Amino acid sequence: MPTRSLHAAIGTAERRLGPPLAAFRASVGGVAAVEFALVLPIMVTLLLGMSEITHAVNVDRKLTLVSRSLADLTSRDKEVDSNFLDDAFKAATVIMQPFDASKLQMAVSAMEVSKPSSTSYTMKALWSCARGPSAEAKSTSTVYSDVPLGFRNATGTTDGTKSYHMHIEVKLPYTPMFGTAISGTINLSESTPWPIRVDGAVRLKDNLCPAAA
């Protein structure tokens with residue numbers, strides 16, 4: 001008797017639960033939700049990545065404009081002074097807007113390229129002024145087997161053995177908006193050699209650089 005009652009109860013349960021279970025197996029209502037849950041992390045990552053790349057490219061573009069503007073300003077006259085360079089550095093920080101320029105490093109150098117032999121060139125800084133945290137003015141001589149690209153069309157002296165250029169270096173540590181823990185701080189930089197518009201080198205009056213801002 002108990003066995004018959006158990007079988008009867010199971011049969012009753014199967015008859016009652018059969019249609020709902022069949023409907024559950026045939027249901028596709030939750031497929032979209034599952035697919036969305038799987039695709040969402042990928043789509044969010046792509047969105048944040050595109051936003052980050054666009055922002056970084058814009059900052060780097062501003063850095064290029066700063067470098068070229070400094071080069072153009074300092075290559076116009078035969079002589080610049082500390083007040084002129086101070087104004088040029090201040091103008092560069094304005095060019096960086098709306099991005100933060102508090103960590104912007106800039107160096108303006110008047111370069112001389114000479115040819116001590118038929119197979120080598122020597123490039124040295126006649127003077128160099130810098131602005132920004134940890135920015136250093138460089139005044140070193142380097143021997144090259146070939147004159148660096150950008151110095152090949154320099155303005156030469158009468159004997160043709162020397163040429164002069166302005167050389168601008170700008171650097172900016174860039175902190176990504178997203179994923180800083182992965183990439184950390186990225187150091188963006190731009191180096192611009194620029195032909196001067198006068199004959200001979202651009203001189204620095206009294207050899208005085210502007211005071212630190």
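Readers should treat all values here as calculations from the given coordinates under stated rules, not as data from a laboratory. A quick note: this is a predicted structure, and the numbers were derived from the prediction, not measured. Every residue, glycine among them, receives a Cβ derived from its backbone with ideal geometry; neighbour counts consider all protein chains shown.
Using r as the Cβ-Cβ distance of residue 81 and residue 197, and R0 as 22 Å, what FRET efficiency do you calculate, to the nearest 0.05?
Computed FRET efficiency for residue 81 and residue 197 comes out at 0.80.
Quick check: convex hull over the Cα atoms of region 39-114, volume per residue in Å³, rounded to an integer?
In region 39-114, the Cα hull volume divided by residue count equals 116 Å³.
Calculate, in nm to one decimal, what residue 47 and residue 33 gain on full extension: separation in residues at 0.36 nm each, minus their alpha carbon distance.
Result for the pair: 3.0 nm of gain on full extension.
Pop the C-beta distance of residue 102 and residue 124 into the FRET formula with R0 = 25 Å and round what comes out to the nearest 0.05.
0.20
Can you grab the distance from the C-alpha centre of region 51-129 to the C-alpha centre of region 189-213, Å, no decimals?
The distance from the Cα centre of region 51-129 to that of region 189-213 comes to 9 Å.
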